[in-house]
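To start, the structure under review is shown below, and the notes come after it.
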Amino acid sequence: MNNCVFCKIAEKEIPAKFLYEDEEVMVFPDIHPSAPIHLLIVPKVHVTEFQAVEDSLLFQKLLQVVQSMIKKEGLGDKPHRIGINGGGAQDIDHLHIHLLGPIKKPSNP
Ligand SMILES: [Zn+2]
């Protein structure tokens with residue numbers, strides 16, 4: 001937890017360009033964007049991964065912020081993706097939600 005990048009960002013030890021912030025949640029751009037808009041929606045509290053979330057209100061809050069960012073970034077009528085990685089599949093072991101757009105729709109096989 002001491003070396004967690006997202007905790008350091010939450011503590012303002014590492015600067016990030018916040019696009020949204022409140023007491024529980026922060027939003028900033030991914031440093032390695034995979035789409036023109038690639039945001040990370042991150043709880044300030046250190047939660048390791050998806051299945052470790054015990055506070056359903058935190059989920060609710062995170063998803064509300066995702067919705068508002070979709071609106072704010074004008075992605076509502078453009079193809080976009082929301083992604084949550086679980087343990088071991090993410091670079092940083094601190095729960096975060098990716099919002100990416102506009103992206104090409106995958107072509108149907
Ligand atoms: Zn953390």
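The values are calculated or read from the model by the stated rules, or taken from the named source; none is laboratory data. Small disclaimer: the values here were computed from a predicted structure and weren't measured. Cβ placement follows ideal geometry from the backbone for every residue including glycine, while neighbour counts extend to all protein chains displayed.
Okay, here's what the table says:
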item	result
Breaking point among (1) on the phi < 0 side of the Ramachandran plot; (2) within 14 Å of the ligand (Cβ to nearest atom); (3) more than 12 Å from the chain's Cα centre (by Cα), for His94	(3)
Residues of the stretch 96-109 that turn out to be buried (at least 16 other Cβ atoms within 10 Å of the Cβ) and more than 15 Å from Pro29 (Cα to Cα), as a count	1
In the stretch 1-44, the residues that are within 20 Å of Leu75 (Cβ to Cβ), touching a Lys or Arg at 6+ places or on another chain (Cβ under 9 Å) and either without any contact (Cβ under 8 Å) to a residue 12 or more places away in the chain or charged (D, E, K, R) (or both)	Glu21
Test for Asp77: is it away from the ligand (no atom under 16 Å from the Cβ), among the acidic types (Asp, Glu), within 24 Å of Gly101 (Cβ to Cβ) and part of a loop (DSSP other than H, G, I, E, B)	yes
Within the stretch 34-48, considering residues that are in a loop (DSSP other than H, G, I, E, B) and surrounded by 12 or more Cβ atoms within 10 Å (Cβ to Cβ), the one nearest to the ligand (Cβ to nearest atom)	His46
Residue in the stretch 62-69 that is among the hydrophobic types (A, V, I, L, M, F, W, C) and either over 13 Å from the mean Cα position of the chain (by Cα) or within 16 Å of the ligand (Cβ to nearest atom) (or both) present	yes
Count of residues meeting criterion [within 16 Å of the ligand (Cβ to nearest atom) and not in a loop (DSSP other than H, G, I, E, B)] in the stretch 1-20	6
Exclusive hit being farther than 11 Å from Leu95 by Cα and either at pLDDT below 95 or outside any loop (DSSP other than H, G, I, E, B) (or both), set Gln51, Gln64	Gln64
